[in-house]
1. What is the one condition in (1) touching a Gly at 6+ places or on another chain (Cβ under 9 Å); (2) of a type outside the set (Phe, Trp, Tyr); (3) closer than 23 Å to residue 173 by Cβ that residue 299 does not satisfy?
2. What is the one condition in (1) at negative phi; (2) surrounded by fewer than 20 Cβ atoms within 10 Å (Cβ to Cβ); (3) not β-branched (Val, Ile, Thr) that residue 231 does not satisfy?
3. Which of the numbered conditions does residue 159 fail, given that it passes all the others? Conditions: (1) assigned to a helix (DSSP H, G or I); (2) of a type outside the set (A, V, I, L, M); (3) within 30 Å of residue 341 (Cβ to Cβ); (4) out of contact with any His (no Cβ under 7 Å at 6 or more places or on another chain).
4. When only residues in the stretch 13-35 that are among the hydrophobic types (A, V, I, L, M, F, W, C) and crowded, with 24+ Cβ neighbours inside 10 Å count, which is nearest to residue 231 (Cα to Cα)?
5. For the stretch 353-363, check the following and say yes or no: at least one residue is touching a Ser or Thr at 6+ places or on another chain (Cβ under 7 Å), within 25 Å of residue 399 (Cβ to Cβ) and either in a loop (DSSP other than H, G, I, E, B) or touching a residue at least 24 places away in the same chain (Cβ under 8 Å) (or both).
6. Go through the stretch 374-395 and give me each residue that's surrounded by 21 or more Cβ atoms within 10 Å (Cβ to Cβ) and either touching a residue at least 60 places away in the same chain (Cβ under 8 Å) or within 23 Å of the chain's Cα centre (by Cα) (or both).
7. Please name all residue pairs, on different chains or six or more residues apart, with Cβ atoms under 9 Å, provided the first residue is in the stretch 293-307 and is on the phi > 0 side of the Ramachandran plot and without any contact (Cβ under 8 Å) to a residue 60 or more places away in the chain and the second residue is crowded, with 18+ Cβ neighbours inside 10 Å and in a loop (DSSP other than H, G, I, E, B).
8. Does residue 283 fit the bill of being over 22 Å from residue 135 (Cβ atoms), assigned by TED's automatic domain parsing to the domain that holds residue 62 and modelled with pLDDT of 95 or more?
Amino acid sequence: METIRLGRGEYRDRILACWLGKNIGGTLGAPWEGQKHPHDLTFYDPVPSEPLPNDDLDFQLVWLKMLECEGVSPPLPVFADYWVRYLSAYPWNEYGFCRRNLARGLMPPISGCFENYFVDEMGSPIRSEIWACTSPADPQLAAARAWKDSALDHAGGEGTYGEMFWAAVESAAFVVDDPLTLIRIGLAMIPVPCAISRSVREAVWCRQNGLRWAEARQRIADIFGHRQPCNAAPNHAFTVLGWLYGEDFGDKLCKAVNCGYDTDCTGATLGSLLGIIGGTAAIPDKWREPVGDKIVLHKFTGPCDPPADVAELTDRTAAVAERAVEELSPTVTFGDGTVLPDNLVSLLFRSEKARAALRQDIHAAVALDSGLEITLHYGGEPVLHPGVARLFRVSLTRDGEAAREPVELIAPAGWAVEPVECAGCRPAFEVTAPDPEPLNDLEVVVSGGTHRAAFRILGPQEATGYPATKNLPQCPTCQGLEGYCICTRE
């Protein structure tokens with residue numbers, strides 16, 4: 001198999017530009033976030049003296065620490081552990097509902113979708129760069145790793161497709177600079193009929209058919225606009241409009257942000273992408289100097305050993321990428337200079353790993369015991385109603401490969417558990433509870449006790465739903481998530 005060789009110097013410059021662009025675009029858009037009307041920016045307003053704090057970057061700093069400490073392919077329970085440690089104070093939308101589910105004992109991916117209205121929002125697409133930068137020139141790998149990240153708070157929603165799309169686009173941008181080719185690579189990783197795919201294709205159609213920027217922006221708003229300004233479908237199209245209609249670095253960012261809606265996210269994502277495509281030479285001094293090189297944490301981000309500046313962030317990202325490429329990416333190597341094979345574009349369009357990620361069961365929870373990933377498949381919502389028999393399945397994974405070992409399922413006293421025979425299928429059990437408590441645990445026992453994991457089952461008293469569009473309560477003092485806010489951090 002032909003491989004892609006990335007020159008370390010050029011690669012490092014592109015990472016540096018990626019993080020610079022993230023700060024620049026996020027700072028440009030932050031003051032206008034949530035305002036759905038068009039804007040008329042040509043530069044920062046107000047002009048900053050440092051980057052504005054932004055969850056778009058901070059979540060990725062937590063994942064960087066995780067990758068440094070836990071290895072380049074951590075299982076879902078490790079993601080959940082780092083969320084609890086460093087991100088619990090974030091109250092908004094999908095973030096708050098992820099933390100609520102984790103607190104109730106629901107692990108990902110079910111944590112990302114159960115009683116979570118906000119699965120179609122921008123909270124995970126804005127976390128794509130860490131997967132692109134540590135899976136450079138391997139879009140399907142970047143997309144598959146992005147799926148795992150998004151499963152915490154967007155499982156099954158447009159947020160997942162958005163993060164996979166941008167991770168793939170940004171990964172390919174290390175070796176390709178044509179926008180339409182990059183967009184097609186990103187679209188190859190996600191379902192054709194999803195809203196992200198349709199809105200992005202509409203933005204491309206507008207540009208190719210001669211619509212002016214203002215006409216294209218209004219068309220997107222009319223067709224894909226949403227009551228939630230952070231909905232992913234219009235915002236992805238707006239990012240693409242800025243990219244395709246803008247004349248230079250600053251004009252592209254302003255055109256994306258001027259579309260309105262989730263402006264810090266559209267600006268930050270496009271700034272990162274342009275940085276990867278063009279390196280630091282593509283970022284004009286007039287855009288770089290006001291924000292400088294500092295990393296400024298949001299107050300809700302826990303003490304995650306953050307880098308002091310983008311240079312340190314670049315060095316740490318590159319160090320993780322060396323390990324990730326060696327362990328996970330058979331088509332990419334690092335060397336003294338970049339060498340691209342003749343079949344480059346064909347390699348970049350490969351999508352088997354992304355498709356495999358999308359086939360994973362989101363109505364499930366994953367636990368980890370001594371290297372064995374144990375997954376309980378709920379077969380739907382994680383709720384058991386009195387007297388209603390439900391079929392639960394169990395799957396095992398070790399070192400990325402399916403494992404087959406004897407499995408038992410132990411339920412609370414008074415519950416009925418009946419193994420169900422199915423040749424070639426995952427171990428299955430029919431479970432009936434006469435009167436479940438609000439919070440219950442099913443214990444999976446593997447090989448007579450060699451491995452164990454408990455999984456939370458809710459009773460109907462606990463699973464009463466939550467009003468759509470409404471957020472969880474916030475601390476009146478610091479506005480963090482009530483019960484996990486920064487007032488209690490000391």
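1. (3)
2. Among (1) at negative phi; (2) surrounded by fewer than 20 Cβ atoms within 10 Å (Cβ to Cβ); (3) not β-branched (Val, Ile, Thr), the lone unmet condition for residue 231 is (2).
3. Condition (3) is where residue 159 drops out.
4. 28
5. No, the stretch 353-363 has no match at all.
6. Once the filter is applied, which keeps residues that are surrounded by 21 or more Cβ atoms within 10 Å (Cβ to Cβ) and either touching a residue at least 60 places away in the same chain (Cβ under 8 Å) or within 23 Å of the chain's Cα centre (by Cα) (or both), the stretch 374-395 yields 374, 375, 376, 378, 382, 384.
7. Filtered contacts from the stretch 293-307: no entries.
8. Values: over 22 Å from residue 135 (Cβ atoms): yes; assigned by TED's automatic domain parsing to the domain that holds residue 62: yes; modelled with pLDDT of 95 or more: yes.
It is true that residue 283 is over 22 Å from residue 135 (Cβ atoms), assigned by TED's automatic domain parsing to the domain that holds residue 62 and modelled with pLDDT of 95 or more.
The values are calculated or read from the model by the stated rules, or taken from the named source; none is laboratory data. Just so you know, these numbers come straight off a predicted model, no measurement behind them. A quick note on method: Cβ atoms are made from the backbone with ideal geometry, for glycine too, and the neighbour counts reach across all protein chains shown.
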